[in-house]
Each structure stands twice: as structure tokens, then as C-alpha cells.
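See below for the structure under consideration.
Nothing in this text is a laboratory measurement; each read-out follows from the coordinates by a stated rule. Treat the numbers as computed from the prediction; the structure is a model and nothing was measured. Because the Cβ atoms are built from the backbone with ideal geometry, glycine has one as well, and the counts that use them run over all protein chains shown.
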Amino acid sequence: MSQLVDITVTVNGEKRHVSVQPGMSALSMLRDKLDLTGAKLVCGEGECGACTVIVDGTSVNSCLMYAVELDGREVATVEGLQKSEKLDPVQQAFVDKGAIQCGYCTPGMVMQTTHLLAKNIKLTEEQIRRGLEGNVCRCTGYTKIFEAVQQAAEAQGD
Amino acid sequence: MMIEYKNYLVPGSVAEATEALAQGNATIVAGGTDLMVQTGASGRGTDTTLINVRRIGDLRGVTLDGGRVTIGALTTVTDILGDSVVAETAPLLAATADRFASNQIRNMATIGGNICNASPAGDMIIPLMVLEADVELSSWRDGAVQTRTVALNEFFTGPGKTVKADDELLTSLSFNRPAEGFVGQFGKTGPRPALEISMVSVGIGGVQENGGLANARVVYGAVAPTPIRAIKTEAALEGTSLDPASIQAILDVADSEVNPISDVRASDWYRRHLVRVMTEEVLQNVATG
Amino acid sequence: MSDVIEKTTLIGTRVTKPDAPDKSNGRTRYINDMVLPRMLIAKIKRSDRAHAKILSIDTSKAAAVPGVQAIVTADDTPMVGVGVTKDNPPLKKDIVRSYRDELVAVAGETEEAVDKAIALIEVEYEDLPTMFDPIAALEDGAMQLHDDKPGNISLAYQTLHGDIKQAEVDSDHVLDEVYNVHYVTHVCMGPGCVVADFDSRGKLTMYTQTQYPYNYKMDLAPALGMHPGDIRVIQPPVGGAFGSKLDVYPFEPIAVFLAKKTRRPVKLFFSREEEFEASPTRQPARFHIRAGVKKDGTLTFRDVDAILNNGSHTSWGATTPFVMMRTFTGHFRVPDVEFRSRAAYTNMPYAGSFRGYGNVQATYVTATVMDKLAEAIGMDPISFRLKNAQKAGEVTPQGSRLEECLLGECIETASEKTNFLEKYNAFKAEQDTPGRYKKGIGIATSFHNAGGAKIHKSDGCGTVIMLDDYARATVITGASEIGQGIDAVLTQIVGEELGIPVEDITLVNNDSAIGPWDVGVHASRTTFIAGNSAKRAARKARDKILDAAAKRSNVSADDLDLRGGSVVQNDNGVPVIKIDSMLRKMHFAGEDAELVITHDYYEPPSEPEGDNHVGDMSAAYSHGAYVAEVTVDTWTGVVKVDKMTAAQDVGRVVNELGIEGQMEGGIAFGIGYGLTEEMIIEDGKVKNPNFRDYKVMTAPETPEMEFHFIENDDPDGPFGAKGIAELPTIIPAPAIANAVYNAIGIRFNNPPLTPEKVARAIVDKRAAREAAE
């Protein structure tokens, strides 16, 4: 039986105290301990990006990250993006451009897009494609997702 | 399946980490990108102490000192991709980093972890072997941290196996800044730019001279149990002016040095074929400058 | 009241999906996210053998794991089969016939406890000989896999029209070839998951990913020993379906057995590996086709013999010949046609339904054969196709009435917009010149049902519409939303009839206790059938409101219209009364009070197939012609799709945003089928059950796409619309293969055209040429 480890992690701006098993993934912690089910378990091996969250300003596959590694860190999940009654511009762009069908990949796509735009607001088409190469979508064929990223970039550029 | 570790430690220094490792029965986690996947199905690591080395200070970053580049083991692949010292001294390394997995994985994966994972395909290992890097291994002996240096060429013993002892921690790697006129290229193929487990990867570097490469280094991944230096191919390259005919002769030598297997990703035939075409591509680029 | 209200339309506009905002910010709770009070987690122990006798199953160690609440095997559950031919008992007894066979299921408090327990289950097997090849399974004296299925035949189909022998005599050229199409799988982002929950009266609620909630009850109940009426089906949001959930699969009754035993809700879900291993696949097939043509380009006959690998048990895959034959016999004018198929039991995974349903497989063959026949007689791919394209009014040998047939127009459009022949000839001329990268252009076409498929007693859909006092509408439909966007389409259709904005319309469609019957989401039927049902129900509501308004204002209801939230005068748009005011007047009218609640059940005007599989079984058909432009790396064999141009007959675009999304997504499936997706199965075991080695299309591989929607207004479709979303999965793969042929002069009868396969073919061709010299 493994000991539980107490960690303190700031999630979407809020300090949370959580007890986790050492072997637990960050994804499981977010979903099962904090009820933040936006990030999804799809492949469990870092090949699809559906679990993408932002840790200390950098996007990661939370299915591969150990929960204990979040101690003292800041995590941003899709649930924390919206800061007013209006959707966050990235979220709004995904809605507007029809980039959401079943929506299962959407939280990961939105978080990865948020990360990409934070690093570089002037993304070329090629950079968008490469930037999302770790995010799989089975429904949309990606084209409208690229358009959403472009709209979000323009909105944030204003 | 979640692994049930007996204990969890998060050392803050190399001393603390190596002292803990000296107790034995430990599983090291750095970026976690390999560990989570590899342990899940196999149950490997159950009842061991999970040692998180990510919080050890001073093990992340790239420095240049007197012609020697040192990269801390916790430097991420994204760090390497954007680092100015790397860009200046070893752009081959950054170019390889750009073909590594995905942005999210690059953000998490450490160079130390990638090396210790010792995949026969091991993307980042290929250019490091071209650059003839050494790794520094630290351990706790006689009440203090001891280090030893191992050439990367001699580090791997089999798929997932290295000469690193269980009580050692890989703390950094280093290589000499390449000479003036050095060019290097990394090749990997597939329908996707990066998110492919390499069927074959190739790294070639050398100093451009007389229409060819001097002091050439040729490294292949995924064609043997470990990444390999193709010594005979290097010899064939040495002093050879590159033209279609001489390139073909060099490809024949490369073919003779590799021993790829068939697996779910590719047959041995195709891997051999890729060794030829990718080596040809890299050599053509080098020949034309 | 004030200004005149102009007539505008919602049809053809770009409407965002009503559920998109919640999906964009993580609010949506998918079935995989569900938690019910006191819910248990359950998993399945599957076979470790492809074919073996089960000597013993020991669950004692598993039962001792703390947190385990129940374990079930075939011994304590009814042995009633599920699946299309009811040959699939949820838990297997005495024999396992494939690696996915379910042996034991465990329910426990946590996933960790259940995983631990599963690992402690001990099964003793006695190996039996294995049989993976359907051809071997069909041979005389082959080992019988099911006692009640002589000759190992699961399902066989046959349709015969005309005189093949004579047609062959009349042909100037006959092609005789074999094609093998492969196993691919849906790869829904949301893995398989079900929650079974009994209430205190013993009535069952299934939270399920099913795509056919009503007949599902009928199919599930016998396996549970229950009455279908006692099963409530609730459909939470799902992470994709694509046809994978149109049957009852063992994991769902298994969850029920555990829920019954524990008297607690049970959530059973698949790991990703299990999803690859245990989810139904697309139906693979071996086609032997003989096809003839006259030297003037007239097609003479097609004779197709298909052998299907049925796998260990039967699901919809074995019925795909029903659709395959439609394309073999009815796509392009071919007077004499024969099709025969047999699905043979083996120890392989079994196939289910998958977007495109048999037509993906058949079109790969027909579109490649069309190109080959054209070449054999020296005609270009466009002229040859135009010559044999049917015209409006023609009826295919199987009785599909092509009331309007836009095949010719699709071909011409796709050809013209891509400058096809100029490029085709130019690339062909470059085939043997030196150069690493070769470009190619290829065309493929197909047709598919676009107004449902009359395969059940009813192909209908019911709708109930309620308007409240504020002119907000609730549309209760039997049609399921699985991410495909029927929610937006139905709000547009209803909004169009009622003159209210889509934002004022709420769709309810996920609870069988509330919604009326629908046969299911499949066969490209939902826009057409659910759309017509909603349109008719909305029209009844409209009529009620206009009648009430007409009575009040002493005019005829024909002189009134609903626009922009108001009742208006039809001819000049002058508002008479706001809709919400009218509704309140109707509501509070004393003895004559009424609420506007209407309903409709729409049965499409199609007919079931009769003898020899003849029948006009869809209410509408649709044609498409797609052109693929590729670049082949002749060194590595990597094929890159640079552009996909699609000309498709869609009736009328309802949601321009939605239709594009469905096309783009469908094309991604088609590209995967043609180039990168392949289940690698060795000795019955899936060797690549993960995203790393099963390659779906990723962002950087996305080609440029250009769509030309031909809108001819289907006479029976709602506002002229009909189904569109299967053709984009069907047509791309052979278009790509034809383009690769144009680039490098090599044909591939067996997709996918993986880099290794293409590289090897190039090397072999070069070696053969050098040997000849």
C-alpha cells in the first residue's frame, strides 16, 4: 500500500490541498479528486493531447505527468479560462468557427491553443499545424480548428 | 494501471538524490513522459520508492564554457529547441528537437530522461552521438557525491539498457563545440513531421571539406538494439568527395552496418531501405551545402 | 406596431452548435465523466486465447481483493445472445472463440481494486486449433466454430440481374481482379462506457452511448430477461460514435448483470487498449471482381464475389454486403450485374457498422476498376465516367430510383474546378522522369443513400414541439445527437417554420422516456427524416398560431406568416401581433384555452427490399465526385494529400458551418483508410492497440479542401435537404489511389497505401524494368 502525499497546487488561481498516491497522474488528480473533468483520458500515453493542461505557463499532457510533481505549481485547466459571463476568446473562436463537433478533444485543443498564442500571437498556418500536432481530433478534420486559432489570435491581438 | 509505490521522495539536491538512490529499490522520475507509459501495463516499479528528481536545482540549462557545451539533465526538449547556445553551437540538436513527438511532450521530456530511457530509436540521442557527447553520472559513495563520465557511444548496452548503475543519477551531458565548418543533419521519416516513433532515424555530421565531410560521424537509430555509430560508413565518408556514384558506394557500406528488425511499425526490408534513402538525402544536402 | 419584417431564411446560414459553448469550457459531462451516488466501477476479463476450451475459471483470489463487490461469469447470467444474429452471449461459457471474448466481469469500489482483481483471475484453457482466414473457414471439412452455423457461414447475400455470360461475350475487354480491403476501427475519442442503474422498483436506466435508443431496448431486453418497456435509455453526450454503437455489445448487458447483483449503479468502461481490441471494426473483405466494357466505353457487366471475415460473433459488419451490392450494381449504368457474398466465422475480431457502411469497401473497388477499364480502352477517366453516368429518372437494377441524378454534374464540376485532364496528362508524362517527388491527380465517385434505408419495419422519426408563453420552443426529437450537428440543423428547420431565432429553441433528445421513437442515427438519414418530422410538427404549430391569429383579425390564415418573432401579413410583412402575445392569448383564453403542442411521425417514402434485393430502399440518394491531388515521395513512399476537391449533390445546405465540418471530418476518415490506418492483427491478436501505432490523421497532415455543393432541392427532403456525411468517408481513398497511379504508374488493390507498401512497389517496379532491359 502506498503512502498518500499531501500536495498544494494552485488550480485556476485557487490554492487546493490534495492527498495523492505517488503513482497517480495529474489527470486523475484533476478529474477524480478535484472534479475538473474537462481534461479527458483518451489514450493515456501522450499521443492525443486530450488531457492537455497548462502548468506554470507551459502546456503538458497531464496523463503523463505525476500529480506529486504539481506540488507548489500553478495549473490552468479549461474550466478556468472563462473570466466573465463571456467565453474566453479562444473558446468563443472554437464555437464561432464550428471547430467543435463531439467536443471530446476540445478542452485539450483549447488549452494547447491558449498556450501557443501565449508564446506567439503571430502564428503562421504552418506553426498552427505543428503546434497542434499532438492534439488528435476524429470529428472535424482540423480545418475549422485552424480557423478558430486564427480568429483567437486576431481577437487577442486587438 | 496505477503503480503502487512504497514511498515518495523529492530531493532538492544531487546529494540528497544520490543518497536516496544508494538505498536501492528506487524508481527515478524526471519528466515522466516515458515512465508513466512503461510502468502502467507492466507493473514495473511496484513497491519501490518513487524519487522525483525534477526539483533538483542547477540541473536545467545550457552553458558554454571554454569551447565545451554542457546541458543539464533536466533541460527539456523545448528548452533545447529554443536555446541560444544550442542555436549557435549545435543547431543539429535544435533541429532534432523540432522533430520530437509533440509540443506538449517536448515541454515535459528531459534530455536526461530521454538518454536514460535508451530507446533504440532514441531521437535526441542521435545528434548527441554525432556530437560525441559525454554523460556525467553521479552517485553517493563514501559519504559524498562522486561523478564519472561515460562517452555516449559507450553508454548503451541494449534496448532500454545502459551502463548506468541503479544508484547513479545522470546529471548532465557535454560535448565540445563543433569545429568551424561543421554541418549536421538529422533525418526521420513518416507522414507526420514529429509524432512518429522513428522507423529509422539518421544523424550525420562532419566538417565540410573538399566536397565531402571530414571527421564524419554517422549515427543510426532503430536499426539495432541501441543507437549505433556507423564506423565503416564514417570511414567510407572520410576524404571522399560526394557525387552520385560515391554516395551510392557509401550507402552500400551503411547497408552492411545495420541490422534492423521487423516489427509492427516496419519490416526489416523497409528499415534497410530507409537507411539508404535517408542517408542519401542527408549526404546530398551536405554535398550541395 | 412598427416596421415591416422582411422574409429571411435560416436555411443555408452558418449556425453554431447549441452545445458548443458548454463543450468549449469543460462544462459538458460526457458519459465518461459520469458519477452516480454509490456507483461502482466495473471491468471485463477477456480471453487469453484465440480459440480454446475453458476448463476452469477461478475468481476466488479476485473476490478477496478489498473493495470488490461482485463478480459474474456465464454461470450466473442468462446465456441469451445479443448482436445482429443473437449469436453473442455477453459472457462466454465452455469455449472462447477470439481474444475479445468476455469471460468474467468485476465490479468494485475503485478502479484500482477492480484492476487488481482482474489480474488475479485464473483461467485454465485447453487450446483448440485456430482459424483466422475466412477462405479456409469456408472450405469443405473446415473446423466448425459454432455448432449451429454449418459451413461457418454467418450471413450470405446474393443479387442477380441480367445475363453475365452474354454480357461477357459482348465485352471487348474484361478485367478480372482481386481486392483485399483491411481492418480499420472507429477510434472514437471517448472510449466505450456504459452506466447501468436499477431503481428501487427494479426498472432499469441505461446511460449509454447507443445510437439507436429505441430498438436498443428491444435488442437488450431478452439478454437481461426483462421487458423492453422497463428499460429507460438515457444518452449523455458522447465522444464520437461513427457507427460503433448501433448494436448491443456484451459490455452493456454485463454492466446490467453487475448492477442487478449489487443493487448499485455500475459504470463499465474500456481502456484505450481495450477499445482497440474489443470495439467492433469496419468490415474487411476480399472481393473478386470481373468487369467488362466495350471499346466505345459502355460498361457491360460486373460480377462480384465477396468473402467477409465475420470474426467470432456477428454484428452489423456481416450485413454490409446489403450496401456494397448497391454500389456494385447501381453506381454507373451497368446492365448485367451479379453480387454474391459470404461472411465466414473465424477466430478474429468482429466488425460492426461504421460510417460509410460497406460502401467504403465497395467504392474502393469500383472507383479503381473504373479507372482501369478507362485505361484499357484508351479513354480518359473523366469522359469514361461521364459516358456511363446515369441520368435523372433512371432506376438501378436493384430498384434505386435516381429521381434526380447529379452524378454527371458532380464529375464535371470536380473535373473543371481542378483542371483535371490537363494535370492528369502532365503528371502522367512525368512518371518516369528523374525526380524524387511525383505529383498525381485522381478522381473517384460514389453514391449513397441520403434519405435513410428501409431495413427495419419503420425508418421513421417522431417529434413533439411545445411552445411556451414566451415563444420559446422545445423540440423533442427521437433523433440522437452524437456530435454530428443534428441539433443545430433541427433548430434551423423549426426556426424557419416558426419564424423564431434558433437561440429560442431548445432541443431535447436524449431520454427514451421523454422522446418519441426514432430508428437510430445511421444511413445518412437524420437530416432527411428527423428534419422532415420536425418540419411537419413545426408546421402544425405554425398553422395553429396562424389560425388563432386569423380568427382574431378576421383574415384568412393563408394571408399570414410567421417572421422575426411576429405574426405578419404575408404579402407586405406588416406585423399583426407578436408570437408570444398570441401564444399567451391562446393560453389564457378561458374555456377555449390551449397550449401549442404538436407532434409528428414521419415515415419516409421508401420501400424495403424484396426478392433479389430489389427495392427503392432510400427516400433519396446522393452522388459525389472527389478529386485528390497528391505528392508521392518516391524515396520513402510517403504519400501526401495536397488537396481534396469534392463535388457533392446535397439537396440543399441547411447549416453551412455544419456541412463543411462533416465533410472535412469525413474526408479525414477517408484519408486514414487510404493511407495510414490499419489494424495489424496477428494470430487473432491486435498488435497496435494504441494511438502510437494505429495512425489516424493528425493536424499537419490535413490537406487543403474545397467543396462544391450542388443544390438541386431534393423533392422530399426538408427544405430540399438530404443526407451528406457518409460520402466523404467513402470516396477519398480510391481517389487517392488513382492519383498515386497517375503519379507513379502503380496500382494498389489492397489499401492502405502505407509508405512501406508504396516504397516497396516502386523498388519492385524499378527492378522489374531493369531486369527486362
Once amide H atoms are placed 1.01 Å from N in the peptide plane, what residues at a sequence separation of 5 or more from A:SER25, or on another chain, have their amide H within under 5 Å of its amide H? A:ALA67
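Applying 1/(1 + (r/R0)^6) with R0 = 51 Å to the Cβ-Cβ distance of B:ALA151 and C:ASN688, what FRET efficiency is obtained, to the nearest 0.05?
0.90
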Of A:GLY134, A:GLY38, A:GLY72, which is the most mobile in a GNM of chain A whose springs link Cα atoms less than 10 angstrom apart? A:GLY72
Normalising by the residue count of the stretch B:1-81, find the relative contact order in percent from Cα pairs under 8 Å and 6+ residues apart. 36 percent
Sites B:GLN38 and A:SER84 - FRET efficiency at Förster radius 45 Å, r taken between beta-carbons, to 0.05: 0.55
Computed over chain C, the relative contact order (Cα-Cα under 8 Å, seq sep at least six) in percent reads 16 percent
Lysine pair number, Cα distance threshold 27 Å (strictly under), the stretch C:527-686, separation 8 or more or different chains: 11
From phi via Karplus (6.51, -1.76, 1.60), per-residue ³J(HN,Hα) for the stretch B:166-175 in Hz, x at Gly/Pro: 4, 9, 9, 10, 7, 9, 6, 9, 8, 8
Taking every alpha carbon pair in the protein assembly as shown and sorting the distances into 20 angstrom bins from 0 up to the bin holding the longest one, the percent per bin comes out as 11, 38, 37, 13, 1, 0
So if I take the centroid of the Cα atoms in the stretch C:648-708 and the same for the stretch A:78-141, what is the distance between those two points in Å? 20 Å
Projected label distance in nm at C:LYS203 and C:GLU594, using a 7 Å step from Cα toward the beta-carbon: 3.1 nm
Helix hunt in chain B: which complete DSSP H runs extend at least 18 Å axially by C-alpha with mean Kyte-Doolittle at least 0.0? B:244-257
In deg cm²/dmol, rounded to the nearest 500, the helical mean residue ellipticity at 222 nm of chain C, built from -39500 (n - 2.57) for every DSSP H run of length 4 or more, is -8500 deg cm²/dmol
D for the stretch C:450-527, whole µm²/s, Stokes-Einstein with Kirkwood Rh over alpha-carbon pairs at 37 °C and 0.692 mPa s: what number? 252 µm²/s
Tell me, how many Å apart are the Cα centres for the stretch A:18-62 and for the stretch C:304-323? 40 Å
Would you mind classifying the stretch A:70-158 by shape? Square roots of the alpha carbon gyration tensor eigenvalues, ordered a ≥ b ≥ c; an a/c under 1.5 is rounded, otherwise it is prolate if a/b is larger than b/c and oblate if not. rounded
Distant-in-sequence amide H partners of C:THR13 (H built 1.01 Å from N, under 5 Å): C:GLU656
Just B:ILE228, B:ILE261, B:ILE71 to compare: in a GNM of chain B, with alpha carbon springs under 10 Å, which one fluctuates most? B:ILE261
Less than 11 Å from a label point 7 Å out along the Cα-to-Cβ axis of C:HIS456: which backbone N atoms in the stretch C:228-262 qualify, by residue? C:246-247
What one gets for the stretch B:7-52 as the Kirkwood radius, inverse of mean 1/r over different Cα pairs in Å, is 11.0 Å
How many Å³ per residue does the convex hull of the Cα positions in the stretch C:1-44 occupy? 198 Å³
Kindly put C:CYS405, A:CYS48 in sequence by how many other C-beta atoms sit within 10 Å of each C-beta, fewest to most. C:CYS405, A:CYS48
Roughly what angle does helix A:143-157 make with the longest principal axis of chain A, taking Cα atoms, 0 to 90 degrees, to the nearest 10? 90 degrees
Bins of 5 Å from zero: percent of alpha-carbon pairs in the stretch A:31-127: 2, 13, 22, 26, 21, 11, 4, 1
Percent of Cα-Cα pairs more than 18 Å apart in the stretch C:286-397, please. 52 percent
So if we plug the beta-carbon distance of C:LYS578 and C:ARG29 into 1/(1 + (r/R0)^6) with R0 = 45 Å, what FRET efficiency do we get, rounded to 0.05? 0.80
Ordered by fewest other Cβ atoms within 10 Å, a rough proxy for footprinting exposure, B:ASP79, C:ASP559 read C:ASP559, B:ASP79
With each label point set 7 Å from Cα along the Cα-Cβ vector, what nm distance links B:ASN259 and C:ASP170? 6.5 nm
For C:SER480, which sequence-distant residues (separation of 5 or more, or a different chain) have an amide H within less than 5 Å of its own amide H, given hydrogens modelled in the peptide plane? C:VAL521
Once a ≥ b ≥ c are taken as the square roots of the eigenvalues of the Cα gyration tensor of the stretch B:39-107, is the result rounded (a/c under 1.5), prolate (a/b larger than b/c) or oblate (a/b not larger than b/c)? oblate
So which residue, out of B:GLY122, B:GLY45, B:GLY203, gets the largest mean-square fluctuation from a GNM of chain B using Cα contacts under 10 Å as springs? B:GLY45
Over all directions, the stretch B:182-287 yields a Cα convex hull whose mean projected area in nm² is 6.2 nm²
Sequence-separation-based contact order of the stretch C:624-693, relative, with Cα cut under 8 Å and 6+ spacing, percent: 20 percent
Rounded to the nearest 10 degrees, the helix A:106-119 long axis (Cα) sits at an angle to the longest Cα principal axis of chain A of 80 degrees
Going by how many other Cβ atoms sit within 10 Å of their own, how do C:THR363, C:THR327 line up, fewest first? C:THR327, C:THR363
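Can you compute the helix-only [θ] at 222 nm over chain A? Use -39500 (n - 2.57) per DSSP H run of at least 4 residues, normalise by all residues, nearest 500 deg cm²/dmol.
Details: 4 runs with 44 residues, N = 158.
Result for chain A, helices only: -8500 deg cm²/dmol.
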Going by a ≥ b ≥ c, the root eigenvalues of the Cα gyration tensor, does chain C fall in the rounded group (a/c under 1.5), the prolate group (a/b larger than b/c) or the oblate group? oblate
Using a 7 Å offset from Cα along Cα-Cβ at C:GLU122, what residues in the stretch C:46-60 end up with backbone N under 19 Å from the label point? C:46-49, C:53-60
